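Computed from the coordinates by the stated procedures, all read-outs in this text should not be read as laboratory data. Quick caveat: nothing in here was measured; it's all calculated off a predicted structure. Counting neighbours? That spans all protein chains shown, and the Cβs are built from the backbone with ideal geometry, glycine included.
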Amino acid sequence: MAVSISLVIPTQRRPAGLALALRSVLAQTGVDHAGFELIVADNDGQPSARLAVESAARAAPFPVVYVHEPRPGVANVRNAALKAARGGLIAFLDDDQEAPPGWLAALIDAADRHHADVVFGPVQARAPESVTTHRAYLESFFSRVGPALAGPMPGYFGCGNSLLRRAALSDPDQPFDVGRNSIGGEDDLLFGTMQAAGARFVWAPDAMVWEDPVPERLTLRYTLLRAFAYGQGPSEHCASSTPPDWPGVARWMVIGLGQAAVFGALAAVKWLTGAADRAQTLDRAARGLGKTLWFGPFKINFYGRSA
């Protein structure tokens, strides 16, 4: 039977999160299981997720494919998953996300209604009750919000909770840049390239998923480093264009310097006064600084370790 939809879950040593993601996928409603498949791509050096995937396969009403990609790197594991996937539509769910029963149906409906090349849905982060300091900021950092109504959107988000049309990819089997294996941003680079080629992006507010960040990420140190790395994205994208857009790099560096100065000073005042939103302001300063310090020794490696 021909496969029309491939649901992809990349994973790396998150057994509890993966188990929850798998259960939520098996509970999807409003979709025809005929022509549907699940691809789980394991980026651990050892095939540590195999048993969990094989267990899910025994309960699944559709094919479940396990892919072991031992070469470390976020782009490597995503490319390995797409190489194994056979669907014309590719849905992405992260291994720390839980999809409500109508999630996939909402993504597909938005793609059909709006003739989308890529559909993005909201993400609502959940922090454990033990996290009290900067709780609102931390949950907001790992969340994704958008308009109340479905429809075309001018920008794009990351891969987690998205649906893309395979025919819109210039390289369907290896669309993610392996140069981003350790620093991330491989999905931003892909979607930025697609946008430049005229791809149509759509927002689907009904396609919400829950996200449970691992505890070690629920710290101000981690989120500010991540915010700095996110800030590097626009400058890096201009520098890695073909040919490089050096005026664009210079523009983003100047913008970033201004943001770092303004929000850095404001954050200092808010920290001294104990303002409730002081972490959010420091986050904006870090993103600005990332736009300016995007090169060489300032690149931060969040991925790329297999063990």
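Here are a few things to note about the model shown:
- Dipole-positive endmost among 272, 247, 261 within segment 212-285 (Cβ charges, Cα centre): 272
- Between helix 278-292 and the chain there is an angle of about 90 degrees, using the helix long axis and the longest principal axis of the Cα atoms.
- Distant-in-sequence amide H partners of residue 65 (H built 1.01 Å from N, under 5 Å): 38, 39, 40
- Structure-based [θ]222 nm, the chain - -39500 (n - 2.57) summed over DSSP H runs of at least 4, per residue, nearest 500: -13000 deg cm²/dmol
- Separation of segment 157-215 from segment 248-307 is 23 Å, based on Cα centroids.
- Compared with the dominant principal axis of the Cα atoms in the chain, helix 103-114 is inclined by about 80°.
- The relative contact order of segment 73-161 comes to 33 percent, based on Cα pairs under 8 Å that sit 6 or more residues apart.
- Selection among 130, 209, 91 by position relative to the dipole of the chain gives 130 as farthest towards the positive end (Cβ unit charges, Cα centre).
- Surrounding net charge for residue 179, when Lys and Arg each add one and Asp and Glu each subtract one, Cβ distance under 12 Å: -1
- Size of electric dipole in segment 195-237: Cβ of Lys, Arg +1 and of Asp, Glu -1, about Cα centre, debye, nearest 20: 160 debye
- Considering only beta bridges that DSSP places wholly inside the chain, some 35 percent are antiparallel.
- Cα long-axis angle, helix 74-84 against the chain (0 to 90 degrees, to the nearest 10): 20 degrees
- Cβ crowding within 10 Å averaged over residues, with 10-20, 139-149 ranked highest first: 10-20, 139-149
- Dipole of the chain, positive end: most advanced residue of 218, 28, 62 [Cβ charges, Cα centre]: 218
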